[in-house]
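The values are calculated or read from the model by the stated rules, or taken from the named source; none is laboratory data. Here the structure is a predicted model, which is why all the values come from computation and not from measurement. Cβ coordinates were reconstructed from backbone atoms using ideal geometry, including for glycine residues, and neighbour counts include every protein chain displayed. Only protein heavy atoms, including side chains, enter the accessible area calculation; ligands, DNA and RNA are left aside. Shrake-Rupley method; radii C 1.70, N 1.55, O 1.52, S 1.80 Å.
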Amino acid sequence: MIVSLAEADVIGGRRRAAAEEARAAALEREAGGVHARVEAAQARLARIEQLSAMLDRVASRVKDAPEAVTPSALARAFATMRGAFPEEYAVFGVAHAAPALAAPVIAAALRGWRPMEDPGMAGALLMQWRAALGGGGGGGEGEGGVQLELAGAAQLRGAGDAAYAQLVEAVVMGPVRQALANSWKVHDNAQTAAALVSALAPVLPSGALSLLAEQSILPKLRLGLAQWSYRDQGLGLHAWVLPWAKLLGHRLAELFPEIRRKLAAGLKRWRPDDDVENEAALSALQPWAGVMDARSLEALLGTSIAPALAHELRDNFTVNPAQQDLAPLQRVLKWAALLPLQHTCALLEGEVFPKWRTALHHWLVSGSADLGEVARWYQGWKSLFPDAIAADARVQSQFTAALAAMDCVLRGAPPPPPPRAADASYARALDERRAAAAAARRAAAAEETQMEAAASAAAAAARRSAAAGGGDVTFREVVEALAMERGIAFVPKPGRFHLGRQVYAFGGVSVYMDQSVAYVETGGAWSPISLDDLVEYARNKQR
């Protein structure tokens, strides 16, 4: 018994000793962790003190001798702090100190700056500061490969963007707005003013260009349109509006209704029979092609240009094979590159071809026509028109009718009478063309609807037949009919098989069929899927 008690005491002592050793080891590890945290905190404190000392030195230099500090040197100082201490720079918002320190230095460098005369001067300075502060989405990695945490990088960029925007507003935007208000004469030096904004646009903070357009550019352009007079300034709106097209983008469309109204008012006295006026109008309107939307440009040309050209052809153009004056027609054809094709062809169809076919008819029935000469005359006329006009079906029908009339004479038969010129006009030809186009669109829509209905009916019938177990319709045909009904591509993938079954592309999804079950590939694995879910899955893949 005594021995047993002694053994128990020994075992208990050993256990207590082991527990004490484990506790000592735990305390030692904890002490090591505390020591590491203390060292890390001391290191961070040292970095904070170093950053603070650097910032203090920069601030003292700016305060004590601002004339000795250049914008470039100050930008390099902030870039150095940002690169050497990225976490501390972000946490303590050092970027926010930049505007107060840099604004007077940059302002001194820009003293005497004339924005309209030297548009690139401020841009060069701003480019340095944008890089230094990390504005515009820069800076997730400091010097020496120090990679910030995602949240820290976002914080750094956000602070840099805000500081950069504040700095730009403090030193640059005021002079720019003042130059646009006072030095930009809206009708005279638009190129110079637009060059100023274009030079600054790449380095402006996000949203600054839109705000400048809203506050300074668009209001002045609207005022310029209100003050513009065709009588005093001609049709040259493009000279002072279009320099802003690239900068304003879609915002320029806000001015299109007033621009159309002003140009239409100026064109009321336009005479296409005057070559000088014709060239002036063409030169004034050509620059708007590709800038003004097609509908707006067609509205302007269809109301102000095409009717005047129609009058020119009706009143001043005659067809005389013996002595042909093509000048009125050539003045009209100069507009072919700008006028919508249907307007140009309607002008020819309504105002030229009736006269042309009448002259041909009179020549053919005169009894003295030389058919070789008539053929050369015909070819000469056909060569007058650009390819796009010559390829128009209704224009081609005019030449076809002329050939038919000449063929009648060759066969000794009288040619058919031409259409009465008095019954034809540009307006009527244009209405007929528009009606034919509308009818073609309706017919195409009806045909598409019929095809969709037929495909839907076929797919439904195939599914019913498959469900009933009748006929020879296979499950693949059911899936194919469903794809056709829903407008989804369904084609076999060449050389692709799974378990001996052909793999198909169902839209952007890989699928194969086994018995009456469809299997879809997702993440490298195949799983069964219903047909409705297959359609939904394929459509989601296409989005």
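Pairs from the list Lys268/Lys334; Lys185/Lys334; Lys246/Lys268; Lys262/Lys382; Lys268/Lys382 with a Cα-Cα gap above 26 Å: Lys185/Lys334; Lys246/Lys268; Lys262/Lys382; Lys268/Lys382.
How many percent of the accessible area of region 270-440 is carbon or sulfur, using a 1.4 Å probe?
Working: 4500 of 8260 Å².
Accessible surface attributable to carbon and sulfur in region 270-440 totals 54 percent.
Reported to the nearest whole Å, the Cα centre-to-centre distance from region 194-242 to region 295-365 is 38.
So which aspartates and glutamates can Lys493 reach, going by Cα to Cα under 17 Å and dropping same-chain residues fewer than 8 places off? In chain and number order, the partners are Glu477, Glu480, Asp514, Glu521. Leu531 contributes about 40 Å² of solvent-accessible surface, heavy atoms of the protein only, 1.4 Å probe. Among the protein heavy atoms, those of His362 account for about 120 Å² of accessible surface (1.4 Å probe, every chain in place). Distances between every pair of Cα atoms in region 169-320, grouped in 5 Å steps from 0 to the bin holding the largest one, split as 2, 8, 18, 19, 16, 12, 9, 6, 4, 3, 2, 1, 0, 0, 0 percent. For the chain, the longest principal axis of the alpha carbon atoms and the long axis of helix 190-200 meet at an angle near 30°. Residue by residue, region 481-495 carries 3J(HN,Hα) couplings of 5, 5, 4, 5, 5, 8, x, 10, 5, 9, 9, x, 8, x, x Hz when phi is fed to the Karplus relation 6.51 cos²θ - 1.76 cosθ + 1.60 (θ = phi - 60°); x denotes Gly or Pro.
Normalised by the residues of the chain, what does the relative contact order come to in percent, with Cα pairs under 8 Å and at least six apart?
After rounding, I find 7 percent.
The string of couplings for region 398-403 from the Karplus curve (6.51, -1.76, 1.60, θ = phi - 60°) is 5, 5, 5, 5, 5, 5 Hz, one whole number per residue in order, with x for Gly and Pro.
Heavy atoms of the protein chains alone define the surface here; on that basis region 270-440 has 48 Å² accessible area per residue at 1.4 Å probe size.
Each other residue within a Cβ distance under 13 Å of Gln502 adds +1 if Lys or Arg and -1 if Asp or Glu, for a net charge of +2. Given the options Ala308, Ala281, His343, identify the residue whose Cα lies farthest towards the positive end of the charge dipole of region 270-440 (+1 on Cβ of Lys, Arg; -1 on Cβ of Asp, Glu). Of the options given, the answer is His343. Heavy-atom accessible area for Lys220, with the other protein chains in place and a 1.4 Å probe, reaches approximately 40 Å². Take region 475-542, drop everything but the C-alpha atoms, weight them equally and run the Debye formula without solvent; then report log10 I(q)/I(0) at 0.16, 0.18, 0.24 Å⁻¹ to two decimals. So the normalised log intensities work out to -0.45, -0.58, -1.11. Dipole magnitude for the chain: computed about the Cα centre from +1 point charges on Lys and Arg Cβ and -1 point charges on Asp and Glu Cβ, it is near 660 debye. Carbon and sulfur together cover what percent of the accessible area of region 182-230 at a 1.4 Å probe radius? Here it works out to 52 percent.
Tally Lys/Arg at +1 and Asp/Glu at -1 over every other residue whose Cβ is under 14 Å from the Cβ of Asn189; what's the total? Working shown, then result.
Numbers: positive: Arg114, Lys185, Lys220; negative: Glu117, Asp188.
It works out to a net charge of +1.
Only one of the listed values, (1) 1.33; (2) 1.23; (3) 1.11, was derived from the coordinates as Rg/Rh (Cα atoms, Kirkwood Rh); which label is it? Checked against the structure: label (2). On region 475-542, 48 percent of the accessible area sits on carbon and sulfur atoms, based on a 1.4 Å probe.
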